[in-house]
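**Q** Quick one: the structure is below, and I'll ask about it shortly.
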Amino acid sequence: MLPEEIDAVCNLPQRFHSIQIFQWIAQGCSSFEGMTNLPLKVRERLTDEYTPCDTVCETVLKDPDGTVKLGIGLHDGSSIETVLLFDKASRRTACVSCQAGCPMGCTFCQTGQLGCLRNLSPNEIVEQFLHLEKICGKLDNIVFMGMGEPLLNLDSIAKTIAVLTHPKGRNLSHRRITLSTSGICKGIYELADSKLDIRLAVSLTTADEDLRTTLMPVTKANPLSELKKAIRYFNDKTDKRVTLELALLKDVNTSYKAAQQVRAFAEGLNAHINLIPWNPVQQLPYNTPSDSEIRSFYNYLTAENLNVTVRQKRGRTIGGACGQLGKKGRTEPKYSGTKQI
């Protein structure tokens, strides 16, 4: 909740108490007892009636490269994963989930094989960020690139952004927030017309219509021609560059012809291309391209004067890399009996 919502719900004796509570939660405080600048009687009543946090960090996995993956238990017994990422400049980024599972069914992604249980509430998204900060220290960025399709849960994401960017709380800059979509055109238009003022990444993977329909079923209802129009609209409306993400699959989408199709798709767009060598998932029928295959594809694109980077391979040993998220199974519900604020 935002401070004014806390004040309205909790019937506090002083309005400024709501700001104090909001600030404590933004700092990662998980109990009212720890909010020491609140009157004792207020803390005792809040403890009886509410909880600041209703998700539980159940597992912490650390990769030798510095990547950290948390398994988060939700109140209804379902579970999600969230990841701490590092880049070459050592910037620390929270990669958070927006759904329990994912309904998009991308054939190269483990999360896409799980189906989708439900959307996450704003608190379940915010708390991923707070759990990571509590364990790993202050973070620089947040990306909605974990489990789920963000544009199918845009209301919760908008509330998450309002909470994390609030000047009285975490005060995260909008410039440090990125949303990644599989390519839902309607959602891209909605995001462009919103006042969220965040960055957009689109999982393109291939600009071959038939192949993309096979790899990413979302293409059937969102053909590439319409997707390009939506991206151009986002460019024009927000004056922001869009990242086109390509998961590179050995001998599937890395040919010269595939590169030419990507070049044609990117023409006229303000876009940066991010190449993501496929991260292994045991049960899926794909392989990671060789370094020479990746380099050749990169060279094809840069020869066309496109802005291209190759994502570093990180988090693979803990199943924390792109396309590897998705803990199976459920536990008993953890209802607390108090209302989460």
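**Q** What are the residues in segment 175-213 that are of a type in the set (Ser, Thr, Tyr), in contact with a strand residue (DSSP E or B) (Cβ under 9 Å, 6 or more places away or on another chain) and outside any loop (DSSP other than H, G, I, E, B), if any?
**A** Narrowing segment 175-213 to residues of a type in the set (Ser, Thr, Tyr): 178, 180-182, 189, 194, 203, 205-206, 213.
From the residues that got through so far, the ones that are in contact with a strand residue (DSSP E or B) (Cβ under 9 Å, 6 or more places away or on another chain) too are 178, 180-182, 203, 205-206.
Listed by number, the residues that qualify are Thr178, Ser180, Thr181, Ser203.
**Q** Hey, another quick one. Name the residue, out of Leu152, Leu70, that is free of Cβ contacts under 8 Å to residues at least 60 places away in the same chain and of a type in the set (A, V, I, L, M).
**A** Details: Leu70 fails: free of Cβ contacts under 8 Å to residues at least 60 places away in the same chain.
After ruling out the rest, the residue left standing is Leu152.
**Q** To continue, here is another question. Quick check on my filter: what residues within segment 285-306 are within 23 Å of Leu227 (Cβ to Cβ), of a type outside the set (Phe, Trp, Tyr) and touching a residue at least 40 places away in the same chain (Cβ under 8 Å)?
**A** Leu301, Glu304, Leu306
**Q** Could you check Ser292 against (1) within 18 Å of the chain's Cα centre (by Cα); (2) in a helix (DSSP H, G or I); (3) small (Gly, Ala, Ser) and say which number it fails?
**A** (1)
**Q** Look through segment 80-94, keep the residues that are of a type in the set (S, T, N, Q) and surrounded by fewer than 24 Cβ atoms within 10 Å (Cβ to Cβ), and return whichever of them is farthest from Leu179 (Cα to Cα).
**A** Of segment 80-94, the ones of a type in the set (S, T, N, Q) are 82, 90, 93.
Adding the requirement that they be surrounded by fewer than 24 Cβ atoms within 10 Å (Cβ to Cβ) leaves 90, 93.
Working: Ser90: 20, Thr93: 13 Å.
Selected residue: Ser90.
**Q** Conditions first: (1) assigned to a loop (DSSP other than H, G, I, E, B); (2) not assigned by TED's automatic domain parsing to the domain that holds Val143. Val42 passes all but one, so which condition is the exception?
**A** With (1) assigned to a loop (DSSP other than H, G, I, E, B); (2) not assigned by TED's automatic domain parsing to the domain that holds Val143 applied to Val42, the lone miss is (1).
**Q** I've got another one for you. Count, please, the residues in segment 251-284 that happen to be free of Cβ contacts under 8 Å to residues at least 60 places away in the same chain, in a helix (DSSP H, G or I) and either under 30 Å from Thr238 (Cβ atoms) or within 24 Å of the chain's Cα centre (by Cα) (or both).
**A** Qualifying residue count for the region: 8.
**Q** Can you tell me which residue among Glu226, Glu209, Glu245 is at pLDDT 95 or above, crowded, with 20+ Cβ neighbours inside 10 Å and among the charged types (D, E, K, R)? First the steps, then the outcome.
**A** On the way: Glu226 fails: crowded, with 20+ Cβ neighbours inside 10 Å; Glu209 fails: crowded, with 20+ Cβ neighbours inside 10 Å.
The conditions single out Glu245.
**Q** If you don't mind, there's one more thing I want to ask. Of everything in segment 1-51, what is in contact with a Leu (Cβ under 7 Å, 6 or more places away or on another chain) and either free of Cβ contacts under 8 Å to residues at least 24 places away in the same chain or among the charged types (D, E, K, R) (or both)? Give them in sequence order.
**A** Ser18, Gln20, Phe32
The values are calculated or read from the model by the stated rules, or taken from the named source; none is laboratory data. The shown structure was predicted, so the numbers you read here are calculated from the model rather than taken from an experiment. Every residue, glycine as well, gets a Cβ built from its backbone with ideal geometry; the counts of neighbours run over all protein chains shown.
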